[in-house]
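Quick note: the coordinates plus some simple rules give every number you see, no bench work behind them. Predicted model, so just to flag it, every value in this text is computed and none were measured. FYI the Cβ positions are ideal-geometry reconstructions off the backbone, even for glycines, and counts take in every protein chain you see.
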Amino acid sequence: MRPATATAAAVTTLIGVGAATVAAGRYASSAALNVAPGRPLPGEPRLTVHGTAAGQVVLTRCLASLRPGTYGLTGPGVHAVVGPVLDDVPHSPDTVVRRLERVVGGRLEAGTRVGFTPQLHTGTPSDVLGLAYEDMEVPGELGAMPAWFVPAARSTWVIAVHGIGTTREHPMNVMEFLHRMRLPVLAPAYRGDPGAPRPAGGLGHLGDSEWRDLDAAIRHAVRHGAERVVLHGWSTGAAMALHAAANCGLRDRISGLVLDSPVLDWEATLRALATARRVPAPLLPLAVRAAQGSTGVHGDRLAEAADPRGLRVPTLLFHGPDDHLAPWETSRELAARRADLVTLHTVRDAPHSAMWNADPHRYEEAMRRFLTSLV
């Protein structure tokens, strides 16, 4: 082969390899960031329903189906709520029996494939909880976003922001408790949610751009009578709360933060999501770079928002070592470095965004003590 021909062939090969590398990185980042709202998170095992009886459901036995607490159980066309494991009910060695609280939609039958979700409810606060509410629209930079407002007597509002894999129905887990405390609750959708504008490229940004929708919700709350707000965020909603506390023009109205399973390390969560989607390990660095290039997301902005030195308001943090999407160690470090403002409640045997589910009573008691000091 002549030198010129060999050089051309080599350049063509490099271009082909480079294009393939870029395509692989984009695929991997899309797999990580394209998490549909209202579906089980990547990495959650699919379980088989082996049977049901009055107040009971029999599931495939695994670590997930043995978790303590109360969870949503969701599959194609079905949503149910399951309670604790029933150890005293006869069952085969490869199954587990849990208390079946209720079937919200569809039919739970033998052979149905389901997964656990921290989101218990589907519907509206009135349908599910019997709470009077108003449908609101929050004007955001991409367009109007739907929100539920549950009124109450106090002038401090709680703005409850769901995270990846859930919808604004997830905050209904704690809405009755907050209503008993006479705290108004605003539960907004944000970009990418049902009924809300789509984000650029159709991919989530793990809170990096979504926080501006929370900023709009804070402004909306103040315009409608909130004197102060407490931000309660799960997962990327917690990251959004930190961004807002650091950058919102009305941050002086934020009196406290409740962070559940917060995404404090953007790259670690992206890698975990990609791994759960079975992206090969060699592609993970490419996925990070592709995500940064396609979405403009950069971990340094989150690191700045979550910098312990910049935290200015009391913060209640729920997290535990069994969260495989958002590293617990980062939460421990935040709590250790700002012990004057941060209270960490460690929750074991709970996956991402499910700290309430593992022990609702303990969770709500910690919130009661925290919120009482703020209102």
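Relative to one another, the C-alpha centroids of region 323-347 and region 45-118 are positioned 31 Å apart. Express in % the proportion of alpha carbon pairs of region 214-328 at distances exceeding 17 Å. Pairs farther apart than 17 Å: 58 percent. Looking at the chain alone, DSSP beta bridges between its own residues are antiparallel in about 60 percent of cases. By the gyration tensor of its Cα atoms, with a ≥ b ≥ c the square roots of the eigenvalues, what is the shape of region 54-199: rounded for a/c under 1.5, prolate for a/b over b/c, or oblate? It comes out prolate by the Cα gyration axes.
Couplings 3J(HN,Hα) for region 112-128, derived from phi with the Karplus relation 6.51 cos²θ - 1.76 cosθ + 1.60 (θ = phi - 60°), are 5, 9, 9, x, 7, 9, x, 7, 6, 10, 10, x, 9, x, 6, 4, 8 Hz, where x marks Gly and Pro.
Scalar couplings 3J(HN,Hα) for region 137-146, obtained by applying the Karplus form with A = 6.51, B = -1.76, C = 1.60 to θ = phi - 60°, are 10, 9, x, x, 5, 9, x, 6, 10, x Hz; x denotes Gly and Pro. In this structure the amide hydrogen of Gly140, modeled in the peptide plane, comes within under 5 Å of the amide hydrogens of Met145, none closer than 5 places in sequence on its chain.
Spatial offset of region 158-211 relative to region 242-278 amounts to 13 Å, using the alpha carbon center of each.
Near the amide H of Arg61, within less than 5 Å, lie the amide hydrogens of Thr95, Val96, all on another chain or at least 5 residues away, with H placed in the peptide plane.
Need one word for region 37-92: rounded, prolate or oblate. Basis is the Cα gyration tensor (sqrt eigenvalues a ≥ b ≥ c); a/c below 1.5 gives rounded, then a/b vs b/c decides.
Values: a/c = 1.77, a/b = 1.51, b/c = 1.17.
The shape class here is prolate.
Put simply, the amide H of Leu86, placed in the peptide plane, has neighbours under 5 Å in Val97, Arg98, Arg99, leaving out anything fewer than 5 places away on its chain. Counting neighbouring Cβ atoms within 10 Å and putting the fewest first, the residues Val222, Val288 line up as Val222, Val288. About its Cα centre, the dipole of the chain is roughly 440 debye, where the only charges are +1 on Lys and Arg Cβ and -1 on Asp and Glu Cβ. Please name which of Ala244, Val347, Gly105 has its Cα lying farthest along the dipole of the chain towards the positive end, using unit charges on Cβ (Lys, Arg +1; Asp, Glu -1) and the Cα centre as origin. Of the options given, the answer is Ala244.
Hey, got a sec? Which trypsin sites (Lys or Arg not before Pro) in region 208-291 land in a DSSP loop and have at most 14 other Cβ atoms within 10 Å? Sparse-neighbourhood loop trypsin sites (Lys or Arg not before Pro): Arg278. Taken about its Cα centre, region 226-375 carries a charge dipole of about 200 debye when Lys and Arg each add +1 at the Cβ and Asp and Glu each add -1 at the Cβ. The eigenvalues of the Cα gyration tensor, multiplied by 5 and square-rooted, give region 178-225 an equivalent ellipsoid with semi-axes of 25, 12, 9 Å from largest to smallest. Can you classify region 300-375 as rounded, prolate or oblate using the Cα gyration tensor, where a ≥ b ≥ c are the square roots of its eigenvalues, rounded means a/c under 1.5, and otherwise it's prolate if a/b beats b/c and oblate if not? Taking the square roots of the gyration eigenvalues as a ≥ b ≥ c, region 300-375 is oblate. When the chain is described by a simple charge dipole with +1 on each Lys and Arg Cβ and -1 on each Asp and Glu Cβ, the residue from Pro84, Ser126, Gly310 located farthest towards its positive end is Gly310.
Helix content alone sets the calculated 222 nm mean residue ellipticity of the chain: runs of n ≥ 4 DSSP H residues at -39500 (n - 2.57) each, divided across all residues, give -10500 deg cm²/dmol. Loop-resident GluC sites (Glu not before Pro) (DSSP state other than H, G, I, E or B) in region 75-166 with no more than 13 further Cβ atoms inside 10 Å of their Cβ: Glu109, Glu141.
Which of the trypsin sites (Lys or Arg not before Pro) found in region 61-146 are in a DSSP loop and have at most 16 neighbouring Cβ atoms, other than their own, within 10 Å?
Counting only loop positions with at most 16 other Cβ atoms within 10 Å, the trypsin sites (Lys or Arg not before Pro) in region 61-146 are Arg107.
Label zone of Ala54 (point 7 Å out along Cα→Cβ, amide N under 17 Å): in region 103-132 this covers 103. Extension gain, Ala339 to Arg154, is 63.8 nm, computed as 0.36 nm per intervening residue step minus the present C-alpha separation. Computed on the chain, with alpha-carbon pairs under 8 angstrom and 6+ residues apart, the relative contact order is 16 percent.
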